Amino acid sequence: MILKRETFDKFLKKFGAKRVSPEAAEYLAKYVEEKALLLLKESKAYAEHAKRNTVLQDDIKLARKNLNL
């Protein structure tokens, strides 16, 4: 896992959770990472289709739209 559970613990607390179980923070971290990787893979595919090595913001926006994220 690339994203740290502690980051999501802080994130949940910032938005009002008084206490957060380690399992809840870890689940959220895994979920967000899974969605981010899916978005990045799709974005990379759009850049490659356009014969570019650089992923542009438009690639990410298009991928997000097509993945319904």
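Being aromatic (Phe, Trp, Tyr) and in a helix (DSSP H, G or I) is the filter; apply it to region 1-21 and report the residue that is nearest to Val32 (Cα to Cα). Checking each candidate, the answer is Phe8.
Restricting the search to region 35-69, which residues are of a type in the set (S, T, N, Q) and part of a helix (DSSP H, G or I)? The answer is Ser43, Gln57, Asn66. Those residues that are exposed (fewer than 11 other Cβ atoms within 10 Å of the Cβ) and among the β-branched types (Val, Ile, Thr), I need them from region 13-69; list them, please. Thr54, the sole residue that qualifies.
Read-outs throughout are calculated quantities, based only on the coordinates presented, and are distinct from any laboratory measurement. Please read all numbers here as calculations on a predicted model, not as lab measurements. Don't worry about glycine lacking a Cβ; one is built from the backbone with ideal geometry, like all the others, and counts go over all protein chains shown.
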